[in-house]
Amino acid sequence: MSDIEEYGFISKLIGPKKRWRAYKARVQQLPENYRTAVEAVERYMMHFVPTDNDNDASRFEDLADLFEQAAADGTPIREIVGENPVEFVEAFVQNYTEGGYVPARARKRLTDDIERAAG
Amino acid sequence: MSKQVTEMLKGTLEGIVLAILSGRPAYGYEITAWLRDQGFSDIAEGTIYALLVRIEKRGFVDVEKVPSEKGPPRKVYSLNAQGREYLDEFWRTWSFLTERLEQLREGGG
């Protein structure tokens, strides 16, 4: 069973709100600077409109997967998001959305927040 | 790594990752580490991760979750038949491009 089917099934069972809460709970478990970075990415992704409910939830779950694994491997934040975090997030979010409206200040905020988290 | 390499890589990274996976199954961290070893030092792990999500959605790879010593289970990606077909097409396109560029360099136009 693919993840999409699996998550689709889970989402019917537990609903989008529970998936969101489960995601937030996972993020709370991360080391502080990883959490700061995830929340910065999350804030930026909110500007994009998901193609459907499942994509809306799975983009955050996949984001948590990435950072949980990276935290376990000890990968520095800068190596996860790269020199240009805007480019990374936009490539990532393309998988779940058809586009969005992103004000210039949001790009700056993402860049600044990651700068802070990466230290 | 120069800005120019980064720009050129954008169009070819998908083919590069599929080519790596044609050798053997791998997870995201391994692919990123291999690329870094090969001198693609600026590649972010997240960029590879986003690409893996994309090729999974396009049906080019099969995914298996494998327990890891530390942290959550790892997603191990392997190239499937559809992915192999796409990789063949990538190499054909690549040959076309490199031949034409070589002609240009030699002044043939």
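Where in the stretch A:57-106 are there GluC sites (Glu not before Pro) that are in a DSSP coil and have at most 16 other Cβ atoms within 10 angstrom of their Cβ?
A:83
For residue B:57, give me every one of the lysines with a C-alpha distance below 17 angstrom, ignoring sequence neighbours fewer than eight places off in its own chain.
B:65, B:75
Give the angle, between 0 and 90 degrees and rounded to the nearest 10, that separates the Cα long axis of helix A:104-118 from the longest principal axis of the Cα atoms of chain A.
Around 80 degrees separate the two axes.
Can you tell me, using C-alpha contacts under 8 Å and at least 6 residues apart, the relative contact order of chain B as a whole percent?
Relative contact order for chain B comes out at 27 percent.
What net charge do the residues around residue A:97 carry, taking every other residue with its C-beta under 13 Å from that of residue A:97, with Lys and Arg at +1 and Asp and Glu at -1?
-3
For chain A, take the longest principal axis of its alpha carbons; what is the angle in degrees between that and the long axis of helix A:32-45, to the nearest 10 within 0 to 90?
Rounded to the nearest ten degrees, it is 70.
Largest first, what is the accessible-area ranking of B:104, B:21 with a 1.4 Å probe?
Largest accessible area first, the list is B:104, B:21.
Given R₀ = 22 Å, what would the calculated FRET efficiency be for residue A:108 paired with residue A:24, taking r from the Cβ atoms and rounding to 0.05?
Efficiency computed from Cβ-Cβ geometry: 0.30.
Not counting the cut sites, what is the longest span of chain B without GluC sites (Glu not before Pro) that DSSP labels loop and that have at most 13 other Cβ atoms within 10 Å?
Segment B:1-68 is the longest.
Extension gain residue B:22-residue B:97, at 0.36 nm per residue separation less the Cα-Cα distance, in nm?
The residue B:22-residue B:97 span can extend by a further 24.8 nm.
For a label point 7 angstrom out from the Cα of residue B:5 toward its Cβ, which stretches of the stretch A:66-101 have the backbone nitrogen within less than 17 Å?
A:79, A:82-84
Accessible area of the stretch A:24-119 with a 1.4 Å probe: how many percent of it is carbon plus sulfur?
Roughly 46 percent of what the probe reaches on the stretch A:24-119 is carbon or sulfur.
Helix B:81-105 against the longest principal axis of chain B: what's the angle in degrees, Cα atoms only, rounded to the nearest 10?
Approximately 30 degrees, to the nearest 10.
On average, how many beta carbons from a partner chain sit within 10 Å of the beta carbon of a residue in B:46-59?
6
How much accessible area per residue does chain B have, counting only protein heavy atoms and a probe of 1.4 Å, in square angstrom?
I get 60 Å² per residue for chain B.
Name the lysines eligible as straight-distance cross-link partners of residue B:3: C-alpha to C-alpha under 22 Å, and not fewer than 8 places from it in the same chain.
Qualifying lysines at Cα under 22 Å: A:108.
Within the stretch B:53-102, which trypsin sites (Lys or Arg not before Pro) sit in a loop by DSSP and count at most 10 neighbouring Cβ atoms inside 10 Å?
B:70
If you wrap a convex hull around the C-alpha atoms of the stretch A:3-118 and split its volume per residue, what is the figure in Å³?
Considering the Cα atoms of the stretch A:3-118, their hull volume per residue is 95 Å³.
So what is the relative contact order of chain A, in percent, for Cα pairs below 8 Å that sit 6 or more residues apart?
It rounds to 37 percent for chain A.
Please calculate how many Å² of accessible area chain A carries per residue, with a 1.4 Å probe and no DNA, RNA or ligand atoms counted.
Value returned for chain A: 52 Å² of accessible area per residue.
The values are calculated or read from the model by the stated rules, or taken from the named source; none is laboratory data. This is a predicted model, so every value here is computed, not measured. Counting neighbours? That spans all protein chains shown, and the Cβs are built from the backbone with ideal geometry, glycine included. For the accessible areas, the whole protein counts, side chains as well, though only heavy atoms, and no ligand, DNA or RNA atoms are used. Shrake-Rupley method; radii C 1.70, N 1.55, O 1.52, S 1.80 Å.
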